[in-house]
1. Can you tell me the 0 to 90 degree angle between the C-alpha axis of helix B:168-178 and the longest principal axis of chain B, rounded to 10?
2. Work the Kirkwood hydrodynamic radius out for region A:184-285: mean of 1/r over every pair of different alpha-carbon atoms, inverted, in Å.
3. Where Rh is the Kirkwood radius over the Cα pairs of the protein assembly as shown, the temperature 25 °C and the viscosity 0.890 mPa s, what D in µm²/s does Stokes-Einstein return?
4. How many Cβ atoms of partner chains, on average, are near each residue of A:88-97 if near means within 10 Å of its Cβ?
5. Can you list the residues, at least 5 places off or on another chain, whose amide H is less than 5 Å from the amide H of B:Tyr87, using H built in the peptide plane?
6. Pairing the Cα long axis of helix A:6-18 with the longest principal axis of chain A, what angle in degrees results, from 0 to 90 and rounded to the nearest 10?
7. Restricting to DSSP loop positions (anything but H, G, I, E, B) with no more than 14 other Cβ atoms inside 10 Å of their own Cβ, which trypsin sites (Lys or Arg not before Pro) remain in region A:120-159?
8. What lysines could a cross-link reach from B:Lys312, if we take a straight Cα to Cα line under 30 Å and drop same-chain neighbours fewer than 8 places away?
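No value in this document is a laboratory result; all are computed from the given coordinates. On a predicted model such as this, the values are computed, not experimentally measured, just so you know. Counting neighbours? That spans all protein chains shown, and the Cβs are built from the backbone with ideal geometry, glycine included.
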Protein chains: 2
Amino acid sequence: MMFATEDEFVRWLRGFTRRRSGRVRVGIGDDAALVVGPADQELILTADMTLEGTHFRDELHPARAVGHRALARSLSDIAAMGGTPRYALVSLALTRGTARAWVKDFYAGVRALARRFEVALVGGDTAVVAGRTMIDVLVTGEVPPRQALLRSGARPGDQVFVSGRLGLSALGLRLLTSRSRGRTGVTTEAIRRHLYPEPQCALGRWLAARHLASALIDLSDGLSTDLNRLCQASHVGSCIWSESIPRPRLADKELSLRLALHGGEDYQLLFAVSPSALPRIRTRFGHLPLARIGEIQKRRGVYLTGRDGRPKLLEPGGWDYFRR
Amino acid sequence: MMFATEDEFVRWLRGFTRRRSGRVRVGIGDDAALVVGPADQELILTADMTLEGTHFRDELHPARAVGHRALARSLSDIAAMGGTPRYALVSLALTRGTARAWVKDFYAGVRALARRFEVALVGGDTAVVAGRTMIDVLVTGEVPPRQALLRSGARPGDQVFVSGRLGLSALGLRLLTSRSRGRTGVTTEAIRRHLYPEPQCALGRWLAARHLASALIDLSDGLSTDLNRLCQASHVGSCIWSESIPRPRLADKELSLRLALHGGEDYQLLFAVSPSALPRIRTRFGHLPLARIGEIQKRRGVYLTGRDGRPKLLEPGGWDYFRR
């Protein structure tokens, strides 16, 4: 490897936590990390793997973006509970051929995002493997008691909302893969959203603190998949209107809708709002648009109503882009 | 894979957390786990990867032992801080060829150990990969403020102790690899210790709660490596006496010492005790023997004194057994 020994690597890594706040008593370098616990808060725990060949490709994704995306996945899970992320552990299985520059850029991506969300990188593990690079990120977060928003609280009559514009990340990947050259405003934004997605922690916290949502999930695997999950967890169904779904502005309308329905990795939030909370929901949260796209109903299954006004069953079709 | 979809796998896994205590509000199945935080305690976080081909071999290690060992590594890190483990997340990257029975046995091993240590399995991630099986286990623990024992507190004049008998795990692996048939008492014990090592959480907690140790580390990579780490973190050196090191009872005395010095994965504890705390250290903790093997000195480096009475520098020689 590009570091002579594990101990050398750990010494290099340890530099990241030296400058941390007083919340971290012991960072990288001892047997485990020791941090200030969440005082009178509930503890949120999440882990997400990021695999070369599945979640990223060496020729498409710069190391910095790989680091950003690996952490973003877990931060988005904390957002989806309405919590505040606090600490991160990064386990990294590298291949023998990985360059030292790749490792530095990877951690630069992790660090930049962590710093912006005030998350302390406090540990992890490292190994060298024969196969492909593999990353596992654990993030802990906290949320005041009885504020956490689960997938399971949606009730018939609740309205379904999403934040942002869906399908941009999938469009960005498509553009990266096809190496199309003509960059317009929408293509540049799509590529940026794919490489550097933004977890919506502030929105999640706002929904939780004001008890605005009855159920909440993050859009990691695509609207059709994640809405089905929310409905199954809540023992309800839903109907959404295709014309209301915010999507990329493309000449190919059909592609645009398909990306918005099945494209994953947008890390926007999908939530249900009860009729009593509806007046308190705005059309924007900061710069982020919030769109009402449908409603929860008693009848199981997720239905999509198009221009013809006829609801059609929407199966989970989360876009597994490497298998296309 | 042996489960048709990720959702099916998650439903199967979720069965594990249904029966959990009131400490777990949300286990496997939502965006993240939600648990009771450590009230007025510090939070310990640790992650350990377990890789096929490096930490286990399919033909030597039963799936149940792989699960046990993967969790044991992290529990031992919590023990090495003097803490109590609470929650575990298991991320598992499986190969396409893995049998469902393997997955069940793996989790049976995780669960049995988790239950015994009252650790709740609350989440993780899962993926299918082309290469080899890879596991990452994250464990959170807690410790009262200012009780945690670090690697860095050893001072010249402190005495060096170890728990248990060192080198048994490495001996067990050796026996498994050589497929030697004659099983005596010591070989059976060595194989058991290798496949099902016991994290020493109770001992770690006792040392921490009574402020008996000035520095503490767990023996995961071998005495020579881990004692060097403890000394470096404490900015001291040490001298240990080869005759005092508890080791396997073998006809081959030289092998026995080498296993005890450099054999990893014993997960016993190595700690320093100041002269003032010395009278309160017993020769046993429950059934576990505690042996004084040397002392901390100002002069840097770890020295081993043999029968000839001459100290020789002991380099970190952690036994990377798959590379022999």
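1. Long axis of B:168-178 versus the principal axis of chain B: about 60 degrees.
2. Hydrodynamic radius (Kirkwood, Cα only) of region A:184-285 equals 15.0 Å.
3. In µm²/s, the coefficient is 95.
4. 3
5. Sorted by chain and number, the residues that satisfy this are B:Ala120, B:Thr140.
6. 60
7. Within region A:120-159, the qualifying trypsin sites (Lys or Arg not before Pro) (loop, at most 14 other Cβ atoms within 10 Å) are A:Arg146.
8. B:Lys253, B:Lys298
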